[in-house]
Amino acid sequence: MSFLTWVGIGAIILIVAVGIEAYLRRNRPKRSLSEYFGASDDTDDAQKPDLGTEAIDMDKFNADMQMNRTLEDRNRTLMKRSSKIKRWFK
């Protein structure tokens, strides 16, 4: 059998599989996005903190700030080097 025959057989099998799956799911209602992403419907509003008062992971915050400072320093150094190279080629 040729390559195109195998590709055709594979395409037919794929179409049949999609059709069978659609047939089996025809009467099942779609899940909500909260169910799809794992949130539960029994959340109690009394348990949620007020907006803006959520706990902040200060260790993560400080690590991110340090990373930003490091990147700014590297960028500043590279910009100074590139300006020196540009002056040298003028």
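Taking a Cβ cut-off of under 12 Å around Asn75, the surrounding Lys, Arg, Asp and Glu residues balance to a net charge of +3, with basic ones at +1 and acidic ones at -1. Spin-label model, Trp6 to Ala63: label points 7 Å out along the Cα-to-beta-carbon direction sit 4.8 nm apart.
Values in this text are rule-based calculations from the coordinates and carry no lab data. A quick note: this is a predicted structure, and the numbers were derived from the prediction, not measured. Reconstructed Cβ throughout: ideal geometry from the backbone, glycine too, with neighbour counts over all protein chains shown.
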